[in-house]
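K.L.:
Below you'll find the structure I mean.
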Amino acid sequence: MRIEIKLRPAEEGTILPFNYNYEVYTQILEKIYLVSPELAHEVETSHADHFTFSRIMVRKRELLPEAGIKVLSDDVSLYVSSHSGELIKAIAEGFLDDPLLKIGDATFIADNVKVLKEPELKDEVLFSTLSPIMVRTVKFVNGRMKIWDLYPGDEMFFDKLRKVMLMRYSAIYGHMPEDKEFKLEVLKFKPVRILVRDTYFRSSLMVFRYTGSRELAKFGYETGFGEKTRYGFGMVKVIDSEPRREDRV
């Protein structure tokens, strides 16, 4: 289940910081706590990622390299998605009860929350990321273990992504999907680096063709592809044909 939250800047000339994932995550949790403290505690303490969210979509903007994104449009959009309808309902009600979203010095007001129609997912789907996909591994460097962020060009990326998706699916549903196989053909990709609290994560915005398990396609659509999806990684949308101008990464 997926919702679109329309957010209006509280002030003209609002500047959205470049790195806001953790602030959005904590405030989504706060909205859930307003409606269902038990559900919020379960989501916050779970090892599984039960939801994901998009980048904040600013249609008309000006990039200020030293400050952030100057919002020139009347509103911006935030998408939130989950396998749990109960969780999405709590988030939506939380924003209706308390419509403020504060990011750094910027304040936004939720004017509208809309449930989006679920797409039909076939054996082959063309996806575009709404937030970058993050996949990690551990490597030995100079005799020490080091966490290594992977890009689609890395040999281990797809194998690691498949293992992550299976582990996350099993953690939430308690069993493996009937069909475990899928393939990705990356048509476009752009590396990005995002600060979450005090750690930078390297990840990938991309357009890719997905082929294989419908169960994992649905799971990826609902909860995100890759790791750390609760922090705003891995959200995708379905596109119907070859990448168009608006689907650029």
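The values are calculated or read from the model by the stated rules, or taken from the named source; none is laboratory data. It should be emphasised that the depicted structure is a prediction, and the values quoted were computed from it without experimental measurement. Backbone-built Cβ (ideal geometry, glycine too); neighbour counts: all protein chains shown. Remember, those area values only see protein heavy atoms, side chains included, never the ligands or the DNA or RNA. Shrake-Rupley method; radii C 1.70, N 1.55, O 1.52, S 1.80 Å.
K.L.:
Could you please state how large a percent of the accessible area of the stretch 124-238 is carbon and sulfur, counting protein chains only and using a 1.4 Å probe?
P.N.:
Carbon-and-sulfur percentage of accessible area, whole number: 50.
K.L.:
State the percent of C-alpha pairs, over all pairs in the chain, separated by a distance greater than 34 angstrom.
P.N.:
14
K.L.:
I would also like to ask the following. With every protein chain kept in place and ligands, DNA and RNA left out, what is the accessible area per residue of the stretch 124-238? Probe 1.4 Å, answer in Å².
P.N.:
It amounts to 50 Å² per residue over the stretch 124-238.
K.L.:
For the stretch 2-116, which whole-number percentage of the solvent-accessible area (1.4 Å probe, protein heavy atoms only) is attributable to carbon and sulfur atoms?
P.N.:
48
K.L.:
Taking the chain as a Gaussian network, Cα atoms linked when under 10 Å apart, which of 140, 95, 158 shows the biggest mean-square fluctuation?
P.N.:
Of the options given, 140 has the highest mean-square fluctuation.
K.L.:
Using only the heavy atoms of the protein chains and a 1.4 Å probe, how would 219, 182 rank by accessible area, largest first?
P.N.:
Largest accessible area first, the list is 182, 219.
K.L.:
Still on this structure, I have one more. Please check: in the Gaussian network model of the chain (C-alpha springs, under 10 Å), which one of 77, 54, 170 has the largest mean-square fluctuation.
P.N.:
170
K.L.:
Going through the stretch 14-95, which GluC sites (Glu not before Pro) have at most 12 other Cβ atoms within 10 Å and a DSSP loop state?
P.N.:
66
K.L.:
Under 8 Å for C-alpha pairs, at least 6 residues apart: give me the relative contact order for the chain, rounded to a whole percent.
P.N.:
It comes to 27 percent, rounded to a whole number.
K.L.:
To continue, here is another question. Assuming a ≥ b ≥ c are the square roots of the Cα gyration tensor eigenvalues, decide whether the stretch 74-151 counts as rounded (a/c under 1.5), prolate (otherwise, with a/b larger than b/c) or oblate.
P.N.:
Since a/c reaches 1.5 but b/c is at least a/b, the shape of the stretch 74-151 is classed as oblate.
K.L.:
Okay, moving on. Run the helix sum for the chain: -39,500 (n - 2.57) per DSSP H stretch of 4+ residues, divided by residue count, reported at 222 nm to the nearest 500 deg cm²/dmol.
P.N.:
-8000 deg cm²/dmol
K.L.:
What does the charge count near residue 112 come to, summing +1 for each Lys or Arg and -1 for each Asp or Glu among other residues with Cβ under 13 Å from its Cβ?
P.N.:
Residues close to residue 112 contribute a combined charge of -1.
K.L.:
Does anyone have the angle between helix 157-173 and the longest principal axis of the chain? Alpha-carbon axes, 0 to 90°, nearest 10?
P.N.:
70
K.L.:
So, one more: Return P(r) of the stretch 1-125 (all Cα-Cα pairs; 5 Å bins starting at 0; whole %; ordered from short to long distances).
P.N.:
2, 11, 20, 23, 17, 13, 9, 5, 1, 0
K.L.:
Hey, another quick one. Sequence neighbours fewer than 8 away in the same chain don't count; with that in mind, list the aspartates and glutamates whose C-alpha is under 15 Å from residue 228.
P.N.:
Leaving aside aspartates and glutamates fewer than 8 places away in the same chain, those within reach of residue 228 are 23, 44, 49, 149, 198.
K.L.:
Could you tell me the distance between the Cα centroids of the stretch 73-106 and the stretch 107-183, to the nearest Å?
P.N.:
Between the Cα centre of the stretch 73-106 and that of the stretch 107-183, the gap is 22 Å.
K.L.:
Ignoring the sites themselves, what is the longest stretch of the chain with no trypsin sites (Lys or Arg not before Pro) in a DSSP loop and at most 16 other beta-carbon atoms within 10 Å?
P.N.:
Within the chain, the longest run free of exposed trypsin sites (Lys or Arg not before Pro) spans 1-58.
K.L.:
For helix 21-35, what angle does its Cα long axis make with the longest principal axis of the chain, in degrees from 0 to 90 and rounded to 10?
P.N.:
70
K.L.:
For the chain, find the longest principal axis of its Cα atoms and tell me its angle to the long axis of helix 85-97, 0 to 90°, nearest 10.
P.N.:
Result, in degrees: 20.
K.L.:
May I have the count of lysine pairs in the stretch 1-96 with C-alpha atoms under 16 Å apart, counting pairs 8 or more residues apart or located on different chains?
P.N.:
5
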